[in-house]
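Asker: Sharing a structure with you now.
The values are calculated or read from the model by the stated rules, or taken from the named source; none is laboratory data. From a predicted model like this one, the values you see are computed outputs, not experimental measurements. Neighbour counts are summed over all protein chains in view; Cβ atoms, including those assigned to glycine, are modelled from backbone coordinates with ideal geometry. Protein only, heavy atoms only, side chains kept; ligands, DNA and RNA dropped before computing areas. Shrake-Rupley method; radii C 1.70, N 1.55, O 1.52, S 1.80 Å.
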Amino acid sequence: MTAAIELMDVRKNFGLAEIIRGVDLRIERAERHAIIGPNGAGKSTLFNLITGKYGLTGGTIKLHGEDVGGLKPFEISRRGLSRSFQITNIFANMTVFENLRCGLLWSMGYKYSFWTLVDRQSRLTERAEELLEQINLGDRRDTIAGVLTYAEQRALEIGITIAGGADVIMLDEPTAGMSHSETAAMVQLIRKVTEGKTLVMVEHDMGVIFDVADRISVLVYGEIIESDTPEVVRASAKVKEAYLGSSLDEADA
Amino acid sequence: MTAIKSTDRAAAATSGSAVLKRFAPWIIAALFLLFLPVIFASGSALTIMNQMAITIVFALAYNMLLGQGGMLSFGHAVYMGLGGFFCVHLMNMVAAEEWFLPIPLLPLFGGIFGLAFAMVIGFFSTRRAGTVFAMISLGIGELIAACSIIIVVFFGGEEGISGDRTMGPEIFGLDFGSQIEVYYLTAAWLLVSAAAMYFYSRTPIGRLANAVRDNEERAEFLGYSQRYVRLISFCASGFFAGIAGGLFAINFEILTEENLNLVTSGTILLITFLGGVGFFIGPIIGAIFFTLLQTVLSLYTEIWQLYVGALFVLTVMFFPGGMSGLLFMHVRPYQLGKLNILFLPYLKTFLPATAAILGGVGFLEIAFHAKNASVGDQMMTLFWLTFDSHGLIPWLVCVLLAIVGGYLACRMAPLLRDAWDEANSLVAN
Ligand SMILES: Nc1ncnc2c1ncn2[C@@H]1O[C@H](COP(=O)(O)OP(=O)(O)O)[C@@H](O)[C@H]1O
Ligand SMILES: [Mg+2]
């Protein structure tokens, strides 16, 4: 079976700085994969390469076996890959409902239609309402997204990301900056909405990672130094030495 | 639970009363346009109303870019102007019987020409939004305005080209020789175009124009090319601007370089912004208001453009939502039943503010008269008062009014702000 995502010797330089220095990674379908690593290791950059935001300096990226290197974000999105952003990236001047509806339009086949009225599409409205309930923002339906609380915006970010029904979901630090209870709610939401899908997640919270992930890749200075099950990664001397150590012990406690 | 809610919604949308409610504003608008000439029957009133209608179509088209698509164009007169020039040529071909075309359909062809040109320009100008787009629009505006002097065959050089709308084939006995006929033709096009533009904003591409305006990057990750979304908005805007051009051609029967130049482009930006870019009705309000200033205020003062400029600057600085934004700001206090809280503070602030404005206006008018009236003509009339513009007293009165009024208005402003906060808070008073 082809992998959901396959990276082969992926490289990215910004000017002279080599940020991603030859990454090989294979993520199977329906796998929940966490990417961890210190700040500045290149995790977000790797996301941006996979999703087409940045062009590759070298290497190959395959999505469901198809080479997607050099494609634009919207082309990759149409091939069934969707992502969220580390810094909330929503349509701030539109209502929560409209944000979700925008996330649905392409996947429901509306394309660039200027001959259908969105308010008359009952299936579209229904799907948007369902999503609204799924991310627990039912009572914020007509609120302008820009005035939501931070946690609500993060939930909406997830909602927009999963709206199109993509089967590969990539989340960049979905729980960053959240309180304990908010994090717990977010983890539950992520579990719920990514069921049966391939999930790739950058995360710092070790509790969340060991809770959710089937496999973990450790990215340090643009290289993956370990990629295995949580147990193996936890025990890995290489990882301990390079980066984790103390925080792993914390997660044990 | 969700399923029930949305089926209700769907059911409500198809029931008769809902349909009526959807179209009620358009029916009211149609009746309004139908009976307007009964109230304002004079020739000059009809001229003003026609001009308003054309400006409304143009401003709505412009707002498809600025308000809905987040694209700031400094050269949108080009699309209206080219549509208009094309229509005058068509009119002349129809008059020469080289072509058969009922005059009422002319604006459609103006629209098609505007659309075609927008496709060509938009193909490269919509790659990026923001500054790059604005700069290209400025460049194209300048370019086409320059062409209008050079390419005499199409643009007629300095004096432009003119036509005669009455030379077309008669439809139902109408030859558009009388102004009232032109009014109803223009009004019909206004209604159809405005409705089309409104419904366009409710389609997937209309919604996406908003999305790309808010966050072009995110739209790309939802499967939409920001460039295509912008291009389609741009073409649609060019189409409706072209329709406005066609209406202009029918109304004035002449187009000149002025219809293409940067002044006209700047004016439509000003009109749209004054009216407010955030609401569909904004450009309509702006166009009506501006046309009134242009036609009525200009009868009373030669420096009316100065006031418009000042108003524009004040709007940009203090009310970026424009007049419609100001209007809709009151919806929430109204819903909370708290509009009455605002009444007294408004009065207390606006009275001195009005005095200050009158003082300022008086100062400018006296200064203008003193400098520009012919030698020996020292008497001027302002607000029904006749006085010597070279005397000291009028100056003093104006300065005093401005200073005292301004001071009092500033003193009262915090009061208004508090009242405003209270009127918008959920806490019952
Ligand atoms: N667009 C860019 N231009 C230049 N340098 C960048 C750019 N994006 C990221 N970088 C650099 O790449 C490195 C990795 O950043 P990032 O991928 O955001 O790390 P992480 O998400 O792992 O914290 C950082 O040193 C950052 O400064
Ligand atoms: Mg990051």
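Asker: Six or more apart or on different chains, Cβ under 9 Å: which pairs go from a residue in the stretch B:207-218 that's assigned by TED's automatic domain parsing to the domain that holds B:Met197 to one that's of a type in the set (Asp, Glu)? Could you list them?
Answerer: If the second residue must be of a type in the set (Asp, Glu), the pairs left are B:Arg207/A:Glu98; B:Asn210/A:Glu98; B:Ala211/A:Glu98; B:Val212/B:Glu220.
Asker: Filter the stretch B:404-429 down to residues that are open to solvent by 100 Å² or more (accessible area, probe 1.4 Å) and at pLDDT below 85, then give me how many there are.
Answerer: Final tally of qualifying residues: 3.
Asker: If you go through the stretch A:116-140 one residue at a time, how many are more than 7 Å from chain B (Cβ to nearest Cβ) and open to solvent by 50 Å² or more (accessible area, probe 1.4 Å)?
Answerer: 6
Asker: Of the numbered conditions (1) in contact (Cβ under 8 Å) with a residue 40 or more places away in the chain; (2) part of a loop (DSSP other than H, G, I, E, B), A:Tyr112 fails exactly one; give the number of that condition.
Answerer: Answer for A:Tyr112: the failing condition is (1).
Asker: In addition: Quick check on my filter: what residues within the stretch B:180-209 are at the interface with chain A (Cβ under 9 Å from one of its Cβ atoms), within 20 Å of the chain's Cα centre (by Cα) and open to solvent by 20 Å² or more (accessible area, probe 1.4 Å)?
Answerer: B:Phe199, B:Tyr200
Asker: Where in the stretch B:97-183 are there helices (runs of 4 or more DSSP H), lying wholly inside it, with at least 2 residues that are touching a residue at least 24 places away in the same chain (Cβ under 8 Å) and of a type in the set (D, E, K, R)?
Answerer: Filter on the stretch B:97-183 gives an empty set.
Asker: For the condition at pLDDT 95 or above, hydrophobic (A, V, I, L, M, F, W, C) and surrounded by fewer than 22 Cβ atoms within 10 Å (Cβ to Cβ), what is the one hit in B:Leu101, B:Leu174, B:Leu115, B:Leu138?
Answerer: B:Leu138
Asker: Check off (1) farther than 23 Å from B:Glu217 by Cα; (2) within 15 Å of the chain's Cα centre (by Cα); (3) away from ligand 2 (no atom under 16 Å from the Cβ) for A:Leu63 and give me the number that stays unchecked.
Answerer: (1)
Asker: Checking A:Thr45 against (1) of a type in the set (Ser, Thr, Tyr); (2) within 16 Å of ligand 2 (Cβ to nearest atom); (3) within 14 Å of chain B (Cβ to nearest Cβ), only one condition comes out false. Which one?
Answerer: Unmet condition: (3).
Asker: Criterion first (within 16 Å of ligand 2 (Cβ to nearest atom), closer than 17 Å to A:Phe47 by Cβ and surrounded by 19 or more Cβ atoms within 10 Å (Cβ to Cβ)) does A:Ile209 satisfy it?
Answerer: For A:Ile209, the condition - within 16 Å of ligand 2 (Cβ to nearest atom), closer than 17 Å to A:Phe47 by Cβ and surrounded by 19 or more Cβ atoms within 10 Å (Cβ to Cβ) - is met.
Asker: So, restricting to strands (runs of 3 or more DSSP E) that lie completely within the stretch A:152-250, which ones have at least 3 residues that are without any contact (Cβ under 8 Å) to a residue 40 or more places away in the chain?
Answerer: A:223-228
Asker: Here is a check on your reading of the model: is B:Glu220 among the acidic types (Asp, Glu) and at the interface with another protein chain (Cβ under 9 Å from one of its Cβ atoms)?
Answerer: yes
Asker: Consider only pairs whose beta carbons are under 7 Å apart and that are at least six residues apart or on different chains; among these, list those whose first residue lies in the stretch B:397-411 and is not assigned by TED's automatic domain parsing to the domain that holds B:Leu358 and whose second residue is open to solvent by 70 Å² or more (accessible area, probe 1.4 Å).
Answerer: none
Asker: What do you reckon, is B:Ile303 surrounded by 18 or more Cβ atoms within 10 Å (Cβ to Cβ) and assigned by TED's automatic domain parsing to the domain that holds B:Ile150?
Answerer: No: the conditions fail for B:Ile303.
Asker: For the stretch A:1-105, which helices (runs of 4 or more DSSP H) that fit wholly inside it have 3 or more residues that are more than 16 Å from ligand 1 (Cβ to nearest atom) and surrounded by 19 or more Cβ atoms within 10 Å (Cβ to Cβ)?
Answerer: It comes to A:73-78, A:96-105.
Residues checked against (1) more than 14 Å from chain B (Cβ to nearest Cβ); (2) among the aliphatic types (A, V, I, L, M); (3) crowded, with 23+ Cβ neighbours inside 10 Å:
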position	(1), (2), (3)
A:Leu156	no, yes, yes
A:Gly159	no, no, yes
A:Ala163	no, yes, yes
A:Val168	no, yes, yes
A:Pro174	yes, no, yes
A:His180	yes, no, no
A:Glu195	yes, no, no
A:Glu203	yes, no, yes
A:Asp214	yes, no, no
